Structure formats: structure tokens, C-alpha cells
1. Report, ordered by chain and residue number, the aspartates and glutamates lying within cross-link reach of Lys216, taken as a straight Cα distance under 18 Å and ignoring same-chain residues fewer than 8 apart.
2. Among Asn14, Asn168, Asn130, determine the one that fluctuates most according to a GNM of the chain built with springs between C-alpha atoms less than 10 Å apart.
3. Please quote Rg/Rh for region 194-233 to two decimal places, taking the Kirkwood radius as Rh and restricting both calculations to Cα atoms.
4. Among the listed pairs Lys340/Lys370; Lys11/Lys370; Lys3/Lys248; Lys21/Lys337, which have their C-alpha atoms separated by more than 30 angstrom in this model?
5. Which of Ser330, Ser357, Ser207 moves most in a GNM of the chain, Cα contacts under 10 Å?
6. Note the angle between two axes, namely the Cα long axis of helix 27-45 and the longest principal axis of the Cα atoms of the chain, as a number of degrees from 0 to 90, rounded to the nearest 10.
7. Rounded if a/c is under 1.5, else prolate if a/b is larger than b/c, else oblate: which is the chain, with a ≥ b ≥ c the root eigenvalues of its Cα gyration tensor?
8. Given the options Gly67, Gly280, Gly120, state which has the largest fluctuation in a GNM of the chain using a 10 Å cut-off (strictly under) for Cα springs.
Amino acid sequence: MGKYKINKTYKEINEKIKQGKAVVVTAEEMSDIVDRHGDIEAAQKIDVVTTGTFSPMCSSGAFLNFGHTAPKIKAAKIWLNDVAAYGGIAAVDCYIGATEVGGGDPLNSVYPGEFNYGGGHVIEDLVAGNVIRLRMEGYGTDCYPARKHEKNITIKDLRDAILFNPRNAYQNYNCAVNMSDKIIYTYMGVLRPRMANANYATSGQLSPLFNDPYYKTIGIGTKIFLGGAQGFVAWEGTQHNPHVRRGKNGVPREAAGAIAAIGNLKEMRPEWLVGASMLGYGVSLYVGIGIPIPILNEEMARYTGVRDEDIFTQVYDYSVDYPKGGMVGSLGEVNYKELKSGAIIVNGQKVATAPLSSYVRAREIADILKEWIERGDFLLGEPQRCLPSVIR
């Protein structure tokens with residue numbers, strides 16, 4: 001009989017997708033189905049649950065190959081729209097990081113009228129088909145004699161353009177406040193003095209890894225929605241850490257898992273890869289990601305029934321705890337239902353909340369992924385190795 005009363009395989013679910021018979025719902029819809037029918041019946045009824053998140057993901061970037069010049073150059077230094085890219089790969093390959101700032105001091109953005117342009121914006125401009133100014137410098141060799149080259153390009157001129165993001169879709173993240181007497185500028189946004197606001201950065205019940213807390217269906221080879229196209233999980237994300245405190249149904253109560261994601265930048269769309277200028281901090285890239293969760297058994301049905309009130313995160317003071325290099329201590333924990341209400345209570349004080357991520361866009365991603373699967377345009381990718389997890 002096996003461990004579960006319901007047992008499905010990827011092959012069986014993919015066959016139903018091909019035949020147009022798969023039952024697909026979003027994570028929001030699944031919560032209601034599990035509440036009404038229970039885990040076992042929900043697992044019988046539903047084949048796939050779609051998720052979504054749209055949030056700034058700093059650990060992102062793209063590998064680009066811009067083809068050989070005449071005469072040839074070994075590009076040691078590379079700039080795209082005056083944003084530096086890393087050229088220590090091969091003659092005409094580079095990696096452009098999302099947080100690389102183009103010229104000047106990124107802290108200048110705290111002044112009115114200043115705006116940061118960086119790697120995230122270059123990636124968005126490439127995907128949008130905009131013209132990019134490419135500059136290269138080499139040191140000259142017998143096989144690569146040119147020392148300088150400059151030209152305008154679009155993404156169509158690139159031999160290859162591969163989005164590769166080392167850390168995306170963080171499973172949980174901090175809620176940030178500022179207890180000091182002065183305003184501070186962080187990657188979590190502007191934090192006003194004396195806990196005047198609290199910022200958070202996860203889409204809660206729609207967020208991919210909250211719907212598979214132990215990564216039982218997510219790993220190398222999992223097919224995902226990435227930047228408006230089909231991409232893949234390439235590896236566990238940097239800083240992936242499953243060994244954290246967990247709550248109901250294994251939901252982490254602090255930062256835990258992450259994925260490394262890869263896909264063809266030429267197939268992606270600019271509304272799902274958006275450069276961001278973070279006031280007083282620098283630049284980043286908003287990335288749209290959606291992961292389909294196959295309902296292989298009643299356990300997966302239970303996990304995908306998660307609600308915002310089941311998901312807790314820690315509140316930290318970013319004026320003291322974060323810059324010291326190790327969290328001194330949480331000011332308390334709050335759930336995502338509270339965060340989305342617009343206010344939380346911290347140390348007896350009511351604090352206004354605001355998300356860095358867009359729940360509306362996350363819902364749109366889950367809906368698009370649902371449509372792709374229902375049309376038979378998206379089959380599930382069975383992971384060759386799941387993300388590292390905890391023993392349970």
C-alpha cells in the first residue's frame with residue numbers, strides 16, 4: 001500500500017497534462033480546497049498547485065556572449081551602458097550582476113533627483129530589446145590583438161544570453177524595522193526612525209517554497225516560471241539553510257531554503273525582470289518566479305494548503321542587529337496575515353507595514369503558470385536531486 005493513501009507519479013501527472021485532464025489550481029485556491037475537503041480528498045482531486053513570487057532578488061545576473069570582433073579581442077574589462085560586467089571567463093563572455101552600479105557612489109541616491117542605474121536595469125533593457133552600449137578593453141595577445149572595441153547592441157546581437165541567479169525565491173525573510181533616532185537606507189527599503197514602519201519581502205501563502213517546506217518536489221531539473229519564460233532550478237541557492245526552527249507543517253520561522261535558477265534570457269519578458277533603484281542602497285532586480293507543486297500524495301496536499309496565518313517571520317532592528325554581522329536577537333515574530341493587514345505590534349507599539357514584493361504580481365504568475373499547464377504547454381520537470389533538506 002505504501003506510506004500514503006494517495007500515490008501519483010510525475011509521469012502520470014504529465015500524461016494527464018498532455019491529455020488536457022490535469023486539475024490545476026493556485027496555492028490560494030488550494031488552501032480553501034484543503035479546508036473544505038481535507039488532505040486525502042484534496043490529493044485525489046488536484047494534480048498540480050501553482051505558486052508565485054515577484055520581489056527584488058539581489059543575487060541575480062546574466063551570462064552574455066557577444067561574439068567575436070574583427071580584429072579579435074580578449075575582453076578583460078567590459079561595460080554595458082557604463083555598468084561593469086565581469087570578464088574573467090573567456091574572450092567574449094561576461095557576467096553582469098544585478099547589483100552592479102553604473103558609475104558614481106550609490107549612496108548619492110539619497111539626494112533628491114538622484115537615480116541609480118545598474119545591472120538590474122541593463123538586464124531589463126536587454127529583455128525589452130533596447131539598445132545597449134557595449135565597451136570592451138583587452139590587453140592584446142597574438143591571437144586576440146585588439147585592445148579596445150565599442151558598439152551598440154541589442155539582445156538579438158548576442159550569441160547567448162543566459163539568466164543565472166545564484167539565490168532566488170528565499171523561503172522566508174526578515175521583517176525589518178529601525179529603532180534608532182535617524183532614518184536608515186537598506187536593501188529592505190527606507191526605514192524610518194523609532195519603528196515608524198516595518199518592511200517585509202515575501203508573498204506569503206503564494207510563495208513557492210512555503211508550499212513545499214521540505215523541498216520534496218523541488219530540486220535540480222524542476223521546471224519553473226522564470227522571468228516570463230520556462231526556466232529551471234539549477235542547484236540549491238547560495239545560503240540555502242534547511243536547519244532552522246519550523247512551525248506548523250514544517251513551515252520555517254526564519255530565512256531557510258533558496259534556489260539557483262537558470263533560463264534563456266532571450267525568451268523572457270521585461271515585465272517579469274525589472275531593474276530597481278533602492279534609495280540610499282543601490283540597485284537590484286525584481287524577478288518573477290513561479291514553481292508548480294505536483295500533488296503526489298496527501299502530504300503534498302497538506303503542505304500546499306498553507307495560509308498566511310500559518311507563516312511566521314522574525315522582526316529585526318536593521319539599525320543595530322543587521323550591520324553588526326549577526327542578528328543579536330529577534331524583537332518578536334509576526335505572521336503574514338498580520339503583516340498584510342497593514343500594521344503589526346512590536347514591543348507594544350503599533351507599526352505600519354509595507355511589502356517590497358508584489359502580491360498582485362505573484363498571483364498573476366500563479367495564474368499564468370496554471371494556464372500554461374492547463375493548455376499542455378508546460379510539463380512538470382522531475383528533479384534529479386531534491387534540494388538538501390532536514391531529516392523528518
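1. Partners found: Glu12, Asp39, Asp47, Glu236, Glu298, Glu299, Glu382.
2. Result: Asn130 has the largest fluctuation of those listed.
3. Result: Rg/Rh = 1.16.
4. Check vs 30 Å cut-off fails for Lys21/Lys337.
5. Ser330
6. 50 degrees
7. oblate
8. In the Gaussian network model the winner is Gly67.
Only the coordinates and a few stated rules stand behind these numbers; no lab work does. Everything numeric in this text was worked out from a predicted model, so none of it was measured.
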